[in-house]
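Beneath this line is the structure, given in structure tokens, with notes to follow.
The values are calculated or read from the model by the stated rules, or taken from the named source; none is laboratory data. The structure displayed is predicted, hence computed values, not measured ones. Cβ placement follows ideal geometry from the backbone for every residue including glycine, while neighbour counts extend to all protein chains displayed. Side chains included, ligands, DNA and RNA excluded: accessible areas come from the protein's heavy atoms. Shrake-Rupley method; radii C 1.70, N 1.55, O 1.52, S 1.80 Å.
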Amino acid sequence: MRLNSVKYLFKQGTRNIAYNKLMAFASFCVLLVSLLLVGFSLLFYVNINLLVADIEAKNEVIVFLDEDTSDERINSINKSLKAMENIDTVVFYSKEEAFAHLKASMADSEVLFDSMGDDNPLVDSFKIRIKDINFTDETVSEIEKLDNILSIRAPLEFVDILTGLKRVISIISVSIIIALIIVSMVIISNTTKASVFARRKEISIMKYVGATNAFIRIPFFVEGMLTGILSGVAATLTTWFGYDALVRVLTQDNDILKIFGTGSLVPFKDLALSVAVSYMVAGAVLGAIGCVISTRKHLKV
Amino acid sequence: MVELKNVSVKYPSGVEALKNVNLTINDGDFAFVVGSSGAGKSTLIKLILREIEATKGTVIVNGFNLSKLKRDKIPKLRRTIGVVFQDFRLIPNMTVYENIAFVLRVIDAPLKYIRKRVPYVISLVGLQHKVHSYPDELSGGEQQRVALARALVNDPQLIIADEPTGNIDPELSYEIVELLKGINNCGTTILMVTHEHDLVRHFGGRIISINSGSVVFDEIIGGNDEIK
Ligand SMILES: Nc1ncnc2c1ncn2[C@@H]1O[C@H](COP(=O)(O)OP(=O)(O)OP(=O)(O)O)[C@@H](O)[C@H]1O
Ligand SMILES: [Mg+2]
């Protein structure tokens, strides 16, 4: 196809928007609402995930060692732990440190400690951070196989709850998003169907003079795509202001976030580019597909 | 060239609109198709445009065998035919120029050619002063002249016109037929459906008369204007 034909078809598409302002506006609104619903669901999902990751990162497994484990042995246990695949960091926590810590935290009970003198009832331990908490169980049993291990304290129940929660959140979010996408496709193709119906006479004339289906469709395609991109821009701006306002409210009143054990939401700046691009691409694709679907019926002249 | 061999058309409703029609229209012919309402004239036109298919027989138009023509080749067929309808069928939100240029854009013609050819056909139908008007700013006769310009802009082998004068003043009808005659003189085949016996009598030529789906008369008669 010649360049001037391509230019012509694009111009037709933009002109169509101007001629069918009301319909174009209706499609624009439907797209905008759908994009915003999906967009906010996704942002919610991103933040929940971040929060869960935050909680996950705070996991701690403590490995207590037998009393009187030699320094050499401690070193070799340290090495073995570090060599394990699912272990992120290993920090040695000597019984002296632990005792000092304990004393400091219970300053009121000095008397109690005085009576104990230097007799340290605690044992040496390692504080371990797990990489993937879903495999905490496996890692714990691996550690148990080492010698000189007194006991292990791992947040296993907590891991179960967290994993379950994550699965539920994922399922709910994904279902909501899929449902919204389907609903918006249906509404959009119905909206454009009305605008195509209004132009069915024009389409039949085009067919009489020998226009191919592709030639007739391209302007509709361009029209849908442009409407979609405009909705994408509007959705980006709305999300920007809406999300920022939300973040401000939530962070001003820090208590709300603290309930969830986290101090931060993802700032919009970090997401701006991907949000804008996704909105525009999604808008363009949805708009174009909606238009193309609805022209099909009228092309059979 | 249009060739119908033993063609019958039966609509899904059961109406037999054409019955065993045999008809040949040679290149360069000018033929009037007449007949009472419901005789099957428009059906013949739709058949040639491949809007409908023959239930029996073969239809060959400009070298295309329509019963064997694939759907995606229909645009190719239609590009060899110019059509004019009773109700003009111009695109309302396009100017006169755009309505005509559209046909050339469809065939992906070079812009340079479009810019030369469109004003030329507009001048042929005498509408130079209305190039940038919209269809609803024109009279019926003017709109039909635009439709005519559109039909001939890509230099088709065949122009078919279904009652092109049905919606315009009788005096203007003569003008339209004169224009068609002029186009015919340049070699284009013309097939024109009409109700107006005055027109047929005035111009004469080949007359094909259809009655209840059958060709009942197909001869060349002399027109009044030739006697003058
Ligand atoms: N789409 C259709 N479905 C069913 N029957 C049809 C259809 N189109 C036309 N007919 C019938 O076929 C017959 C021929 O119709 P056609 O339109 O060819 O007549 P015509 O000669 O053009 O009439 P007119 O002069 O009134 O335009 C009529 O009886 C009509 O009712
Ligand atoms: Mg008719």
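Shape of chain B from its Cα gyration tensor (a ≥ b ≥ c, root eigenvalues): rounded if a/c is under 1.5, otherwise prolate when a/b > b/c, or oblate?
Cα axes put chain B in the oblate bin.
In vacuum, with every alpha carbon of segment B:89-155 counted as one equal point scatterer, what does the Debye formula give for log10 I(q)/I(0) at q = 0.16, 0.24 Å⁻¹? Two decimals, please. Here log10 of I(q) over I(0) equals -0.43, -0.98. Within the listed set B:Leu179, B:Leu18, B:Leu69, the Gaussian network model of chain B (springs between alpha-carbon atoms below 10 Å) gives the highest mean-square fluctuation for B:Leu69. Per-residue extension of 0.36 nm, minus the Cα-Cα distance of A:Arg167 and A:Lys297, leaves a gain of 42.6 nm for this segment. Within a straight-line Cα-Cα reach of under 19 Å, A:Lys103 can be paired with the following lysines, leaving aside sequence neighbours fewer than 8 residues apart in one chain: A:Lys95. The HN-Hα couplings worked out from phi for segment B:86-93 by the Karplus form 6.51 cos²θ - 1.76 cosθ + 1.60 (θ = phi - 60°) are 4, 9, 6, 6, 8, 7, x, 9 Hz, whole numbers, x standing for Gly and Pro. Taking amide hydrogens as placed 1.01 Å from N in the peptide plane, the amide H of B:Ile159 sits under 5 Å from those of B:Gly82, B:Thr189, B:Ile190, B:Leu191, each at least 5 positions away in sequence or on another chain. Taking only the alpha carbons of chain A, we obtain Rg and Dmax values of 31.1, 106 Å in that order. If both residues of a DSSP beta bridge must be in the protein assembly as shown, then about 65% of such bridges are antiparallel. The modelled label-to-label distance between B:Ile52 and A:Lys131, using points 7 Å beyond Cα along the C-beta direction, is 7.4 nm. Across peptide B:102-109, the average count of Cβ atoms from other chains found within 10 Å of a residue's Cβ is 6.
Distance from the C-alpha centroid of segment B:77-141 to that of segment B:159-228: 23 Å, rounded to the whole angstrom.
Largest GNM mean-square fluctuation among A:Gly287, A:Gly224, A:Gly210, using chain A with Cα springs under 10 Å: A:Gly210.
Calculate for the protein assembly as shown the 222 nm mean residue ellipticity that helices alone would give, adding -39,500 (n - 2.57) per DSSP H run of length 4 or more and normalising by residue count, nearest 500 deg cm²/dmol. That comes out to -18500 deg cm²/dmol.
Beyond 28 Å between alpha-carbons counts as too far, so tell me which of A:Lys21/A:Lys201; A:Lys193/B:Lys41; B:Lys5/B:Lys73; B:Lys41/B:Lys73 fall in that bin. Flagged as over cut-off: A:Lys193/B:Lys41. Treating each Cα of segment A:60-154 as one equal point scatterer and applying the Debye formula with no solvent, the log10 of I(q)/I(0) at q = 0.15, 0.16, 0.17, 0.18 Å⁻¹ comes out as -0.62, -0.69, -0.75, -0.81.
Candidate cross-link partners of B:Lys112 among the aspartates and glutamates, defined by an alpha-carbon separation under 16 Å and a same-chain spacing of 8 or more, comprise B:Glu98.
Summing both sides, the accessible surface hidden between B and A at a 1.4 Å probe radius is close to 2300 Å².
Take peptide B:67-79, look around each residue's Cβ out to 10 angstrom, count Cβ atoms belonging to other protein chains, and average those counts. Each step should come with its number before you reach the end.
On the way: counts 0, 0, 0, 0, 2, 3, 0, 5, 10, 2, 1, 5, 3.
Rounded to a whole number, the mean comes out at 2.
Counting only other chain Cβ atoms within 10 Å of each residue's Cβ, the peptide A:199-209 averages 6.
Note that segment A:72-87 has calculated 3J(HN,Hα) couplings of 4, 4, 4, 4, 6, 5, 3, 4, 4, 4, 4, 6, 5, 5, 8, 9 Hz, one per residue in order, obtained from phi through the Karplus relation 6.51 cos²θ - 1.76 cosθ + 1.60 (θ = phi - 60°); glycine and proline are x. Rolling a 1.4 Å probe over the heavy atoms of the protein chains gives chain B an accessible area of 44 Å² per residue.
Normalising the Debye intensity of segment A:1-125 to I(0), with uniform scatterers on Cα atoms only, and taking log10 at q = 0.11, 0.18, 0.19, 0.20 Å⁻¹ returns -0.69, -1.05, -1.10, -1.14. A simple spin-label model places pseudo-atoms 7 Å from Cα toward Cβ; at A:Thr251 and B:Arg206 they are separated by 8.4 nm. Among A:156-168, A:233-245, the peptide with the highest mean count of other Cβ atoms within 10 Å heads the list, and the full ranking is A:233-245, A:156-168. Principal axis extents of the Cα atoms in the protein assembly as shown, from largest to smallest and rounded to whole angstrom, are 143, 46, 40.
Scoring A:141-148, B:77-84, B:211-218 by mean Cβ neighbours within 10 Å over their residues and listing the highest first yields B:77-84, B:211-218, A:141-148.
For segment A:1-108, the per residue solvent-accessible surface stands at 58 Å², with DNA, RNA and ligands left out and a 1.4 Å probe.
A Cα-only calculation for segment B:173-221 places Rg and Dmax at 11.5, 34 Å.
What net charge is computed for the residues neighbouring B:Ile122, neighbours being all others with C-beta under 13 Å from the C-beta of B:Ile122, Lys and Arg scored +1, Asp and Glu -1?
Numbers: positive: B:Arg115, B:Lys116, B:Arg117, B:Lys130, B:Arg145, B:Arg150; negative: B:Glu98, B:Glu142.
Spelling it out: positives minus negatives among the neighbours equals +4.
When chain A is treated as a GNM with alpha-carbon contacts under 10 Å, the residue of A:Glu56, A:Glu138, A:Glu72 showing the greatest mean-square fluctuation is A:Glu72.
Relative to the present Cα-Cα distance, how much length would full extension add between A:Arg15 and A:Ser274 at 0.36 nm per residue of separation?
Values: separation 259, 0.36 × 259 = 93.24 nm, distance 3.01 nm.
Length difference between fully extended and current span is 90.2 nm.
Per residue, the average separation of C-alpha pairs within less than 8 Å and at least 6 apart gives chain B a relative contact order of 28 percent. Between B:Glu16 and B:Asp108, the FRET efficiency from the beta-carbon distance, with R0 = 51 Å, is close to 0.80. For A:Lys297, a cut-off of 16 angstrom between C-alpha atoms picks up these aspartates and glutamates, skipping any fewer than 8 places away in its own chain: A:Glu202, B:Glu51, B:Asp72.
Taking the centroid of alpha carbons for each part, segment A:141-173 and segment A:1-41 are 51 Å apart. Coupling constants for segment A:267-277 follow from the phi torsions by the Karplus curve (6.51 cos²θ - 1.76 cosθ + 1.60, θ = phi - 60°), and in residue order they are x, 4, 3, 5, 10, 3, 5, 5, 4, 4, 5 Hz; glycine and proline get x.
Taking label positions 7 Å along the Cα-Cβ direction at both A:Val285 and B:Tyr120, the computed distance is 4.8 nm, reported to one decimal. Take every Cα pair under 8 Å whose residues are at least 6 apart in sequence, average their separation, divide by the length of chain A, and the relative contact order is 31 percent. Ignoring ligands, DNA and RNA, what percent of the 1.4 Å accessible area of segment B:89-155 is carbon and sulfur? Of the solvent-accessible surface of segment B:89-155, carbon and sulfur hold 51 percent.
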